[in-house]
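A.B. asks: Sending over a structure as structure tokens; questions will come in a sec.
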Amino acid sequence: MNIHEYQGKEILNSFGVRIQRGIVASTPKEAVEAAKELTELTGTGWHVIKAQVHAGGRGKGGGVKLAKNLKEVEEIAGQIIGMNLVTPQTSAEGKKVHQVLVTEDVYYPGDSEPEEYYMSVLLNRTTGRNMIMYSTEGGMDIETVAEETPHLIFTEEIDPSVGLQGFQARRIAFNLGLSGNGFKEMTKFVTALYTAYVESDSALFEINPVLKTSDDKIMAVDAKVTLDDNALFRHKDYAAMRDIREENAVEVEAREVGLNYVDLDGNVGCMVNGAGLAMATMDLIKQAGGEPANFLDVGGTADAKRVEEAFRLILKDENVKAILINIFGGIVRCDRVAQGIVDAYKNMGNINVPIIVRLQGTNADIAKEIIDNSGLDVQSAIEFQEAADKVQAVLA
């Protein structure tokens, strides 16, 4: 589950990670009040106004701007709130901005120049260990750094049996070229950041940039946090951070009815039971010359109601030119699934795309008879290749 920058910073702050302080606002007037409050708290008269959307590259789209007085705070907040922000990580339509984060200006003058670093914590799926990835090239897209200067990216893997060790935090600070108080502050920052990652059951922490201020404080200026959905039952307060306005509307609807659905950009709708079979079905569609329009796992109870809900979700996508239903009847009998498909089809009455149904497993032969004798525009298949051939035929 993705959350906003200000929410990610709240989590970091709760574990002792120093952050760039800020207050979220939904209107220009709220932004001005937030700026006044921050001025009293920090003494700064300059503020950074940041659009709060689930996408990176906000500055490139005009979603991050510096305000040097309260008048500019109100003007900039008015410009950003309500805009459709287009970034390298959004669609061409962009994402509507509903709120902004008014933050303190932390790039103040001092004895030394501020320095920016990149740091993320994530799971290395190859080794099965958590990993801290970091670089001296903060503020840049890490993909660009990896492509142009890969030698400036460092990684530190953590043994899960012992956790992050002190020498590892010190090595990170050393590789970032720090010394003195900045070195000490970075080791504290890294230790607290890793603790926050583990204790919050997160899937990703990305801080870009991590800032060393002119007086050697280390803080998170930005925060991209992805929480593990499967662990939200342990964090009811984190679950409440979900902003469905930022999520795909069909995926939200699917979750509400208990279906596992991921929206894709293809032309063949998929309805499958079991994640592994769903992935194989998507491969089958591509081999047949099509593109999967979704990932949809209906689970082990593919009755008429559940099938009908799945149909409705798939047909919300105007790009769908055909639907492939691929069910293995292990827990659920194929004949019951077939009857559910027929009943759902009749209940909806407005399915105007070809449907190919492959049912294999318990009572598959009976299921095929039900489909073939239904009188509906539904084609049955037994073998995987047969289903692929029929998908290819209807797309031709």
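A.B. asks: Suppose a student asked you for the relative contact order of the stretch 21-105, using Cα pairs under 8 Å spaced at least 6 residues apart; what percent would you report?
C.D. replies: 43
A.B. asks: Right, another one. Tell me, what is the FRET efficiency for residue 129 and residue 256 to the nearest 0.05, using R0 = 56 angstrom and their Cβ-Cβ distance as r?
C.D. replies: The formula returns an efficiency of 0.95 here.
A.B. asks: Can you give the net charge of the other residues whose Cβ lies under 14 Å from the Cβ of residue 132, counting K and R as +1 and D and E as -1?
C.D. replies: Around residue 132, the charge tally is -1.
A.B. asks: Of 94, 48, 82, which is farthest along the charge dipole of the stretch 21-105 in the positive direction, counting Lys and Arg as +1 and Asp and Glu as -1 at C-beta?
C.D. replies: Of the listed residues, the answer is 94.
A.B. asks: What angle do you read, to the nearest 10 degrees and between 0 and 90, between the alpha-carbon axis of helix 275-287 and the longest principal axis of the chain?
C.D. replies: Tilt of helix 275-287: around 80 degrees.
A.B. asks: Would you kindly state the longest site-free stretch of the chain, with sites defined as GluC sites (Glu not before Pro) in a DSSP loop (not H, G, I, E, B) surrounded by at most 15 other Cβ atoms within 10 Å?
C.D. replies: Result, exposed sites excluded: 94-246.
A.B. asks: Mind listing which trypsin sites (Lys or Arg not before Pro) in the stretch 50-115 are in a DSSP loop and have 12 or fewer other Cβ atoms within 10 Å?
C.D. replies: Answer in residue order: 68.
A.B. asks: Also, quick follow-up: Percent relative contact order of the chain, based on C-alpha pairs within less than 8 angstrom and at least six residues apart?
C.D. replies: 12
A.B. asks: Here is a follow-up. Within the stretch 174-246, how many lysine pairs that are 8 or more places apart, or on different chains, have C-alpha atoms less than 26 Å apart?
C.D. replies: Here the count comes out as 8.
A.B. asks: May I ask for the angle, rounded to the nearest 10°, between helix 334-348 and the longest principal axis of the chain, with both axes built from Cα atoms and the value confined to 0 to 90°?
C.D. replies: Rounded to the nearest ten degrees, it is 80.
A.B. asks: While we're here: Once you keep just the Cα pairs under 8 angstrom separated by 6 or more residues, what percentage relative contact order results for the stretch 352-396?
C.D. replies: Computed value for the stretch 352-396: 45 percent relative contact order.
A.B. asks: Nothing charged except the Cβ atoms of Lys and Arg (+1) and of Asp and Glu (-1): what's the magnitude of the dipole of the stretch 249-395 about its Cα centre? Round to the nearest 20 debye.
C.D. replies: 180
A.B. asks: While we're on this one: If you stretched the chain out fully between residue 40 and residue 343, how much longer would it get, using 0.36 nm times the residue separation minus the C-alpha to C-alpha distance?
C.D. replies: Fully extending the segment from residue 40 to residue 343 adds 102.6 nm.
A.B. asks: How much of the DSSP beta bridge set in the stretch 259-349 is antiparallel, as a percent to the nearest 5?
C.D. replies: 35
A.B. asks: Which order results if 219, 131, 271 are arranged by neighbouring Cβ count within 10 Å, fewest first?
C.D. replies: Fewest-to-most Cβ neighbours within 10 Å comes out as 131, 219, 271.
A.B. asks: Let me ask another. Could you give the nm distance between label points at residue 162 and residue 283, where each point is 7 Å from its Cα heading toward the beta carbon?
C.D. replies: Rounded to a tenth, the inter-label distance reads 3.9 nm.
A.B. asks: Quickly work out the residue 389-to-residue 15 label distance, labels modelled 7 Å from Cα along the C-beta direction, and quote it in nm with one decimal.
C.D. replies: 5.5
A short reminder: the numbers here are calculations on the coordinates, not readings from a lab. Source: prediction; values computed, not measured. So basically every Cβ, Gly included, is an ideal-geometry build from the backbone, and we count neighbours across all protein chains shown.
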